[in-house]
Each structure stands twice: as structure tokens, then as C-alpha cells.
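Chemist: The following block contains the structure, expressed as C-alpha cells.
The values are calculated or read from the model by the stated rules, or taken from the named source; none is laboratory data. The structure displayed is predicted, hence computed values, not measured ones. With ideal geometry, Cβ positions are generated from the backbone for all residues, glycine too; neighbour counts draw on all protein chains shown.
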Amino acid sequence: MGANLALQERINQLGLTQDELAERLNRALHEITGRPGEMSARTVRNLLNGSSSRPISRTCAALERVFGCSVAELGFSAPSSMHHPSEGLVRRRDFIVSTTGTAAAAVPISKQRRSVGMSDVVRASAGMNELVEADDRQGGHLSLATAALEGRAAILDLQQRNAGERVRRALYALAAEYTSVAAWSCIDLRELDAAQRYVHESSTLAGLSQDPPAVMRVWILMAMLAYQKKNWPEELAAAQAAHASAAARRDPFFGSMGRVRLALAHSSLGDSAAANRALRSAQDGFRKVTAEERPRWTAFYGAAELNHLAAVILNSNGESAHAEAMAHRALAKIPAGFQRNRAMATCQLALAQLQQGEAEQATTTAASVFAIMDGAPLPGRMRTLIGDFHRDLFRLAPSTTYARDWADRMRDEWRQA
């Protein structure tokens, strides 16, 4: 007599506790016999420790229904009344899962599909890396948002299958992450109505996941969206929620992320003193960050991004010399693959130079944005920044040769986009 490792592995794949498995088995017995089952965590322990190596027929039937495989695959010896060829069982399961005709319609959807475990969550999350890398390279674009929504649809389809509580929460967190990518893409594109819809959907999914980083990301997205819509009170409220979130309280990394959003919100409202306090707090908090495993979407936030956001805040506060220094620091540390981030920081550098009266140098800096993007379409947010630069340049130096050359260059780039 020994531990049933096959059963333990299946339980781990589904992310079930012993109590949860007992509940699943009792529900399965009710479906099979019409009477409630009476299994408990102790029953499950006996199945795991080898005390029950040859369960009775009704227990075997319940196990097969919950796990979608034969009891032999679960490490048990089935009663003779339950012996069936394994190939026949597989073919029967494949037929039920794949057919779309009357036979499948007669079986409830929860019994047509196999159960879902953490291995399925890991596989489903693999596509997220490609989406994040695509965003790093060229920013938000329509195909990225479409791919993210397709990923979310696949995750929500997995939610229709049997899963333990831990697995179900992980699926909701992943669905929230995919939806957040779609929301962020729309924010970057300045498709703000669509972004609003996806942010709300992501909020619901993140709440169901009970995952602090997922919830934190929603507040960050809400703050970003409000900033683009120039709804400063809402931006502040979302930033305050991010700052007060469980993720921000537990981890200095998220705490810094929340505080810099507060700084941006205060700057938008014209409160430069509060903005600078929050910025210093974000910088101090980031110095306490330790290397830990965090969600893939957080890769954008580091010393470089913090310096970039500092440049945004300081430009807004009218501290252009300090903003220029922060933009240079950001550009010195932004990884090569973060193409869009480098272009955005370059925009802030150009604006800081222009505010200091260095119009010709600022024009050269701004023109380098097109080279950095290397032919990729400029996201809506970047086009807005370039438009702001264009307007200020022609207000300060309208008749200069470099301003006219800039206008010709921008017109050509806009036409190609």
C-alpha cells in the first residue's frame, strides 16, 4: 500500500483542495444516481494514501466523471463491473467532445469538455508575452487589440469547464490581463470610447480573480484613460485607488507605480507642490524594490520609465531644465526592444528643449522620433505629443528654415501613416 501519485497529480492539475474534490465527487454522484453523495475530505485522503486502492463502483464512476478519464489512469483497480477497453473510452470521449450533432447536444457542456488545470493556464498565458513584446516595439495598434480580445475569448471558453477555485481565479486574472492589453492598445491609439469599455470589462474580470496586481493594473489604466480624456478629477481618484490598493501596500514596486500616477494627477490639476512630493515618494519607494517574480505586463516599469514619467510631470510643472535631465536619464536606460517607450521619452526631451528656447535643437530631437519608430505607425498618443510640439514650435519660431523643414517632414510622415 502506497500513496496514489497518479491521483495526486490530477488533483494538482485541477488546483483542487481535498474538500473541493469531495464536493465535486458528491455532485457527480448526484448526477449519476439521483441521490446526494456523502464523500468528505477524509474519503479523498484515503484515496490518496492508498487505503482505498480498489474503490466501489459508484466511487469509480464519480472519479471518472470528475477527471474525464478511466480510474485505471487515476491509479486504481476498477471493479470487474466497470472494466472497459481504454481505447473505447478514449474514442467515446473524443466523439463526445468533437461532435456537433445530436449526440453532443444531449450531453451538458460541462460533461462534454475535460477539466482545466494550472497547466492549461500556463499554456494559455504563453501568448501574452508576444502581445507585450509587440506593444513594446510599436505601441498600441488595431491588430494587437484584436489579438488580445481573441486571447480573452479563449480564456473565457476555458472557464466553462470544470476547474478548482485556484485555477478559476487564475483564469479570471489572465482574462483581465488580455482585456487590459486591448484597453491599453485603444488608449495608445486614442480610441477612447473602446478603451473605456475594455477598462470596465477588465475591472470586472480582475475583481473576480481577486488578484491584487490585476486589480492594480485596472486602476492604472483608469488613470491613464482619464488623463487622455482630460478628466483630471477622475484621474486623481483612479490614482488614489491605485496608491491604496493591496498590491501597492504589499510591494514597494507597485507602491512606486501608484505614487507616480498620483504625481501625474496632481500635475494635471496644477498642484505642482503635491506632484513633486508624490514624485519624490515614488522615487524613494522604487529604491526599496527587490527582485521578485511579477506579472509580465509590469516589465515596462523600471528606473527608465520612472525617469520618463518624471520628465512628463516636470514638463507639465514648467520645470523644463529638470525635465530635460530626466528625459536624458530615461533614454540612457530604456532597453533597446522598447521602441515605443524610447520614442515617447524622446518626445518629452524635445518638448523640454523647446520650452527652454532651444527650438532648433528641439526640432532635431523631435525628428529623431520617426527614425526610432523605423516606419511603424505612430500610436495616437505619440501623434498627439508630436502635434503639441508642432504647435509650440510654430508659436515660438514660425518663420525659421528648420521649422519649415520640420513641417515638410511631418507632413510626409503623416501621409505615409
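Chemist: Name the helices (runs of 4 or more DSSP H) wholly inside the stretch 327-417 in which the number of residues that are more than 26 Å from residue 313 (Cβ to Cβ) and of a type in the set (D, E, K, R) is 2 or more.
Modeler: 401-416
Chemist: Consider residue 384 carefully, then state whether it is at pLDDT 90 or above and at negative phi.
Modeler: Judged against the criteria, residue 384 is not a match.
Chemist: Go through the stretch 226-255 and give me each residue that's farther than 12 Å from residue 285 by Cα and touching a residue at least 40 places away in the same chain (Cβ under 8 Å).
Modeler: Result: 227, 228.
Chemist: Residue 78 versus (1) farther than 30 Å from residue 373 by Cα; (2) modelled with pLDDT of 70 or more: which is the lone unmet condition?
Modeler: With (1) farther than 30 Å from residue 373 by Cα; (2) modelled with pLDDT of 70 or more applied to residue 78, the lone miss is (2).
Chemist: Separate question: Conditions first: (1) in contact (Cβ under 8 Å) with a residue 60 or more places away in the chain; (2) among the β-branched types (Val, Ile, Thr); (3) in contact with a Ser or Thr (Cβ under 9 Å, 6 or more places away or on another chain). Residue 312 passes all but one, so which condition is the exception?
Modeler: (1)
Chemist: Let me spell it out: the conditions are (1) among the β-branched types (Val, Ile, Thr); (2) buried (at least 16 other Cβ atoms within 10 Å of the Cβ); (3) closer than 16 Å to residue 414 by Cβ, and residue 384 meets all of them except one. Which number is the exception?
Modeler: Just one mismatch for residue 384, condition (2).
Chemist: If you don't mind, another one. Let me spell it out: the conditions are (1) under 12 Å from the mean Cα position of the chain (by Cα); (2) at pLDDT 95 or above, and residue 222 meets all of them except one. Which number is the exception?
Modeler: Checking residue 222 against (1) under 12 Å from the mean Cα position of the chain (by Cα); (2) at pLDDT 95 or above, the one that fails is (1).
Chemist: Could you identify the single residue in 17, 43 that is hydroxyl-bearing (Ser, Thr, Tyr) and in contact (Cβ under 8 Å) with a residue 60 or more places away in the chain? Lay out the reasoning, then the answer.
Modeler: Values: 43 fails: in contact (Cβ under 8 Å) with a residue 60 or more places away in the chain.
Among 17, 43, only 17 is hydroxyl-bearing (Ser, Thr, Tyr) and in contact (Cβ under 8 Å) with a residue 60 or more places away in the chain.
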